[in-house]
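All of the numbers you see were taken from the coordinates with simple rules; none came from a lab. Quantities reported herein were computed from a predicted structural model and do not represent experimental measurements. Don't worry about glycine lacking a Cβ; one is built from the backbone with ideal geometry, like all the others, and counts go over all protein chains shown.
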Amino acid sequence: MGKVLKIEKYKSSASTIVTIGTFDGVHVGHQKIINRLIALGEKEGLKSVILTFFPHPRMVLQKDSNIKLINTIDERSEILDSLGLDYLLIKKFTKDFSRLSAEEFVKQVLVDRLNAKKVIIGYDHRFGRNRNADINDLIKYGEAFGFEVEEISAKDINDVAVSSTKIRKALSEGNIQKANRYLGYPFMLTGTVIKGKGIGKQLDYPTANIGINEAYKLIPKQGSYVVKTTIGKDTVFGMMNIGMNPTVSGETESIEVHFFNFDSTIYGEKIQIDVLERIRDEQKFESVQALKDQLQKDKLFSLNFINNL
Ligand SMILES: Cc1cc2nc3c(=O)[nH]c(=O)nc-3n(C[C@H](O)[C@H](O)[C@H](O)COP(=O)(O)O)c2cc1C
Ligand SMILES: Nc1ncnc2c1ncn2[C@@H]1O[C@H](COP(=O)(O)OP(=O)(O)O)[C@@H](O)[C@H]1O
């Protein structure tokens, strides 16, 4: 288990191997780089470090940017940490930080704080004020300050053929199978169980409404999905709806889950939902009975899917 730290509190006496990036999604391409980082670190006796930024540079530099992220920063930290790094450092990305020259960044962060002896970086990585510097500059700084640079080639990156952008698109289109294949783990939603309208129990399908605090979190296309979660020590499956509930209300978007074989009150609990499969688009039904009939079909679809896992 690694350590998640703010970089302002970190100064490494041990020599490190470092990779730098936003890593939104921590997808199979990212995982490949991180596994290489860890393996090389072990081989060469260097502590493995990921330096990541939050908020996303686009959220800071283009204030109007409506970028949505695959992971909240807590989700990203948890997934990165689970890969077996020594340290995950989160650098708060600010306007001031973005104004550091490439050389200042290398000296102040990579050298003085991280004590980097090796840096693994993608062939097209750019850094420093106005993204002025590239990998060749980094190699020169490495010669001056005493670290090696290992390039991840275009071929290595293209072989994986996965990108955070492609995953965002798949999620926005409701293509959860594709997103999950690219992620290498099920897409997750994390939130707190909040009060809804109290209609679920009347329908005989109580639904835990999930409140997500992070406005920048990407929510998949509206519709219903098969999901899985852990409540206490139990694995619980369910069916989730993301949408406006047009049959009974229709004003605001909600995210709600009906869990199978479950009947506890869980208001206020923090919950992480793994999204496994899409069921269908949301519909406006003629009657509450028609909605209930559909929910019964959705349940059968879900149970069948779960039985085949
Ligand atoms: C799997 C699932 C699918 C749903 N699909 C629809 C739908 O297509 N149309 C609709 O109006 N409501 C749909 N609902 C939402 C119900 O209307 C909703 O559960 C009800 O509004 C309860 O809300 P409450 O928890 O805020 O009381 C769905 C709910 C679930 C769990
Ligand atoms: N099988 C279940 N699935 C989801 N929530 C359940 C279940 N059984 C009990 N609950 C509890 O009931 C609440 C949902 O009831 P519901 O009538 O839909 O009210 P609300 O509108 O407040 O969501 C959930 O937040 C949870 O605490």
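Summary of values
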| quantity | calculated |
| --- | --- |
| Segments 154-160, 226-232 sorted - mean Cβ within 10 Å per residue, highest first | 226-232, 154-160 |
| Potential extension, ASP156-ASN213 segment - 0.36 nm per residue separation minus Cα distance | 16.9 nm |
| From phi via Karplus (6.51, -1.76, 1.60), per-residue ³J(HN,Hα) for region 230-244 in Hz, x at Gly/Pro | 10, 10, x, 9, 9, 7, 10, 9, x, 10, 10, 10, 10, x, 9 |
| Volume of the Cα convex hull of the chain, divided per residue and given in Å³ | 146 |
| Spin-label pair ARG280/ASP112, simplified geometry with 7 Å Cα→Cβ offset, distance in nm | 6.2 |
| On Cα atoms only, tilt of 73-82 relative to the major axis of the chain in degrees | 70 |
| Full-stretch length increase - GLU269, ALA144 - with 0.36 nm per residue and alpha-carbon distance subtracted | 39.8 nm |
| Members of LYS178/LYS221; LYS166/LYS284; LYS43/LYS155; LYS47/LYS117; LYS92/LYS155 lying beyond 20 Å, as alpha-carbon distances in this model show | LYS166/LYS284; LYS43/LYS155; LYS92/LYS155 |
| Estimated FRET transfer efficiency when R0 is 30 angstrom, pair LYS9-TYR185 (beta carbons, to 0.05) | 0.55 |
| Gaussian network model of the chain, Cα within-10 Å springs - most flexible of ALA215, ALA116, ALA170 | ALA215 |
| Amide H contacts of ILE152 (H built 1.01 Å from N, under 5 Å, at least 5 apart or other chain) | ILE121, GLY122, TYR123 |
| C-alpha long axis of helix 288-307 to longest principal axis of the chain, angle in ° | 50 |
| The chain, helix-only ellipticity at 222 nm - DSSP H runs n ≥ 4, -39,500 (n - 2.57), divided by all residues, nearest 500 | -9000 deg cm²/dmol |
| Span from the region 130-172 Cα centroid across to the region 192-269 one, whole angstrom | 39 |
| DSSP-loop chymotrypsin sites (Phe, Trp or Tyr not before Pro) across region 115-199, with at most 15 other Cβ within 10 angstrom | TYR123 |
| Those aspartates and glutamates that a straight Cα-Cα span of less than 19 Å connects to LYS95, excepting residues fewer than 8 apart in one chain | GLU8, ASP64, GLU103, GLU104 |
| GluC sites (Glu not before Pro) restricted to region 126-228 and DSSP loop, no more than 16 other C-beta within 10 Å | GLU173, GLU214 |
| Spatial extent of region 1-144: Rg and Dmax, with the Cα atoms as the point set, Å | 14.4, 44 |
| Span from the region 278-309 Cα centroid across to the region 20-50 one, whole angstrom | 41 |
| Those lysines that a straight Cα-Cα span of less than 25 Å connects to LYS233, excepting residues fewer than 8 apart in one chain | LYS3, LYS195, LYS201, LYS270, LYS299 |
| P(r) weight above 22 Å for region 69-183, C-alpha pairs, percent | 49 |
